[in-house]
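Student: Encoded as structure tokens, here's the structure I'll be asking about.
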Amino acid sequence: MNTRIVLAAGLLGVIAYPAAAQQPAVNDRVVQGLPSKYLPPTCGLKAGHFKVSSGATYLKTGVETEVPANKTRALASGQKVLLEAIQQNDQEKNPAAWYYLGRIHLQQGDLIGADSALTKAEALSPGCKKDISAQRYNGWVPLVNAGVTFAKEQKSDSALTLFRQANIIYRDKPQAYSAAAVILANNKMDDSAIVYLQKAADIATAANMAEDRNQAQNRNEEAAAALERYLGWVPKDVEAKRALAGIYRATGKLDKAKALEAEPGVGAAAAAAPAAGTGQGAAMNAAIALYNAKKYDSAATAFEKVVAAEPYNRDALYGLANSYIGLKKGPQLAQTATRLVAIEPLNDDVLRMLATGQRMAKKETSANKTALQVIAMPVSIAVKEFAPAPDGASVKATATGREAQTSRGKPIAPKPITVIFEFLDSKGTVVGNQEVQVPALKAGETHPIEAKAQATGIAAWRYKTLPAKS
């Protein structure tokens with residue numbers, strides 16, 4: 001279920017910027033919502049250097065003074081002296097220097113700077129985790145409270161911005177993730193919604209937060225309701241149906257998920273229909289029948305046999321991946337989905353499968369990276385037809401624009417791309433190819449694609465992408 005997005009937060013180191021550089025944006029809501037009484041660290045953190053001690057003193061002054069100009073001056077002086085200690089006085093391994101710098105950044109409303117410095121402090125002094133978490137929480141509360149207010153007032157854009165900001169500074173409670181997910185689902189940003197919902201559920205589960213876990217479940221149901229309403233208006237949107245099926249699975253509604261996946265074009269039963277001209281048509285039909293009968297173990301075995309005979313058969317790989325989902329075999333799902341991504345790298349459904357398999361296999365870093373890849377995709381390509389013939393083959397597909405975002409949640413402008421379709425024989429040798437130009441597509445805008453090749457023995461296809469030719 002973006003950049004630095006919340007799923008990758010904490011992975012960046014601190015970059016100390018010079019005084020003349022452009023300063024980060026000030027989040028006044030955080031500045032005004034922080035406690036006005038200074039509390040020293042409770043984890044026994046020692047300054048260890050006179051400049052670090054001076055930084056702590058400046059922080060205390062900045063927190064407790066009631067004069068805005070004095071506050072600004074004290075915090076700036078504290079930042080300056082702590083950066084000097086780190087850069088000039090060999091204090092880069094001193095957790096106290098990073099701790100006080102992080103708290104100063106927080107007092108200045110610089111969420112990214114605070115997150116980076118506090119992450120570094122915790123890495124150097126794990127015993128201060130509880131104290132650091134409390135400081136982060138202080139910055140999180142005013143953002144979430146204001147976000148909830150905006151959401152109630154139907155000011156979704158403002159609410160979403162605040163929830164994302166909240167997740168920058170504190171990531172140990174699920175509320176901001178689940179609230180953001182509902183807004184994203186209501187705006188048909190299903191990929192991002194699922195990622196946020198999964199993160200909310202993971203946090204609640206890891207912390208054994210029964211109430212919060214139930215809230216995450218409720219948010220899942222709200223997102224499902226939003227997609228159900230949307231499909232009432234646009235009943236033929238296959239991608240929305242796939243997203244809804246994913247939410248049904250996340251909430252344990254397997255019968256509903258499977259009913260959707262059984263519809264034409266949505267799940268394995270349709271997507272794994274045997275391609276014309278392949279030698280495994282009967283075996284594919286048998287595998288599909290086993291899958292539809294919910295005999296996932298037998299279906300997986302049947303699809304595995306097809307893949308062994310035709311290793312580049314995309315439809316057999318897709319059916320096999322869905323069977324592994326039914327069996328909850330994460331490592332096998334991740335391995336199979338990786339092969340699918342190599343065939344069609346701009347199929348967001350396949351990438352979601354990969355992220356699911358990686359998460360099931362406890363490969364969270366890889367899963368987060370894949371989720372970010374989905375969120376940043378400017379276009380999705382769904383192959384609708386592969387038609388091999390004795391002397392050639394053709395592929396028909398549809399490109400659809402997506403609301404792509406950077407890891408920081410900023411929109412990515414649509415750009416044209418070049419798609420190179422490659423046609424393969426049964427051994428995987430490329431026997432033909434064709435370049436197709438796809439224009440820049442706005443979210444929801446579609447463009448038909450058709451590629452052909454003249455050659456004998458074409459059994460499979462794949463594509464890769466390049467920046468559009470100028």
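Student: Could you please find all residues in segment 98-143 being out of contact with any helix residue (DSSP H, G or I) (no Cβ under 7 Å at 6 or more places or on another chain), small (Gly, Ala, Ser) and surrounded by fewer than 22 Cβ atoms within 10 Å (Cβ to Cβ)?
Tutor: Kept after step one, since they are out of contact with any helix residue (DSSP H, G or I) (no Cβ under 7 Å at 6 or more places or on another chain), are these residues of segment 98-143: 110, 116, 119, 123, 126-127, 130-131, 133-134, 137-138.
Still in the list and also small (Gly, Ala, Ser): 116, 123, 127, 133-134.
Across segment 98-143, the qualifying residues are Ala123, Gly127, Ser133, Ala134.
Student: Can I ask one more? Which count do you get for residues in segment 413-423 that are farther than 15 Å from Ala399 by Cα and at pLDDT 95 or above? Walk me through how you get there before you give the answer.
Tutor: Taking segment 413-423 as the starting set, the residues that turn out to be farther than 15 Å from Ala399 by Cα are 413, 422-423.
Okay, now just the ones that are also at pLDDT 95 or above, so 422-423.
Within segment 413-423, residues that are farther than 15 Å from Ala399 by Cα and at pLDDT 95 or above number 2.
Student: Considering Leu106, Leu83, which residue is among the aliphatic types (A, V, I, L, M), more than 14 Å from Lys51 (Cα to Cα), part of a helix (DSSP H, G or I) and at pLDDT 90 or above? Spell out the reasoning first.
Tutor: Values: Leu83 fails: more than 14 Å from Lys51 (Cα to Cα).
Step by step, each of Leu106, Leu83 is checked, and only Leu106 is among the aliphatic types (A, V, I, L, M), more than 14 Å from Lys51 (Cα to Cα), part of a helix (DSSP H, G or I) and at pLDDT 90 or above.
Student: Which residue, of Ile168, Ile203, is modelled with pLDDT under 75, within 27 Å of Gln135 (Cα to Cα) and of a type outside the set (Gly, Ala, Ser)? Quick ask: steps written out before the conclusion?
Tutor: On the way: Ile168 fails: modelled with pLDDT under 75.
From the options Ile168, Ile203, the qualifying one is Ile203.
Student: Also, quick follow-up: Would you confirm, using the coordinates I've provided, whether Ala286 is at pLDDT below 90 and surrounded by fewer than 24 Cβ atoms within 10 Å (Cβ to Cβ)? Steps first, answer last, please.
Tutor: Details: at pLDDT below 90: yes; surrounded by fewer than 24 Cβ atoms within 10 Å (Cβ to Cβ): yes.
Here the answer is yes, as Ala286 does meet what is asked.
Condition check ((1) open to solvent by 30 Å² or more (accessible area, probe 1.4 Å); (2) at pLDDT below 90) across all residues:
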{"position": "Gln280", "(1), (2)": "yes, yes"}
{"position": "Tyr291", "(1), (2)": "no, yes"}
{"position": "Lys329", "(1), (2)": "yes, no"}
{"position": "Val350", "(1), (2)": "no, no"}
{"position": "Gly357", "(1), (2)": "no, no"}
{"position": "Thr365", "(1), (2)": "yes, yes"}
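Student: Considering Leu441, Leu372, which residue is at pLDDT below 90 and either within 23 Å of the chain's Cα centre (by Cα) or crowded, with 17+ Cβ neighbours inside 10 Å (or both)? Steps first, answer last, please.
Tutor: Details: Leu441 fails: at pLDDT below 90.
Within the list Leu441, Leu372, the selection yields Leu372.
Student: If you take the residues in segment 65-97 that are exposed (fewer than 14 other Cβ atoms within 10 Å of the Cβ) and of a type in the set (Asp, Glu), which one is farthest from Gly127 (Cα to Cα)?
Tutor: If we take residues in segment 65-97 being exposed (fewer than 14 other Cβ atoms within 10 Å of the Cβ) and of a type in the set (Asp, Glu), then Glu66 is farthest from Gly127 (Cα to Cα).
Student: Can you confirm whether Gln154 is more than 23 Å from Lys46 (Cα to Cα), more than 24 Å from the chain's Cα centre (by Cα) and not β-branched (Val, Ile, Thr)?
Tutor: yes
The values are calculated or read from the model by the stated rules, or taken from the named source; none is laboratory data. Quick caveat, the model's predicted, so the values are computed rather than measured. Here Cβ is always computed from backbone atoms with ideal geometry, including for glycine, and neighbour counts include all displayed protein chains. Surface accessibility is based on the protein's heavy atoms, side chains included, excluding ligands, DNA and RNA. Shrake-Rupley method; radii C 1.70, N 1.55, O 1.52, S 1.80 Å.
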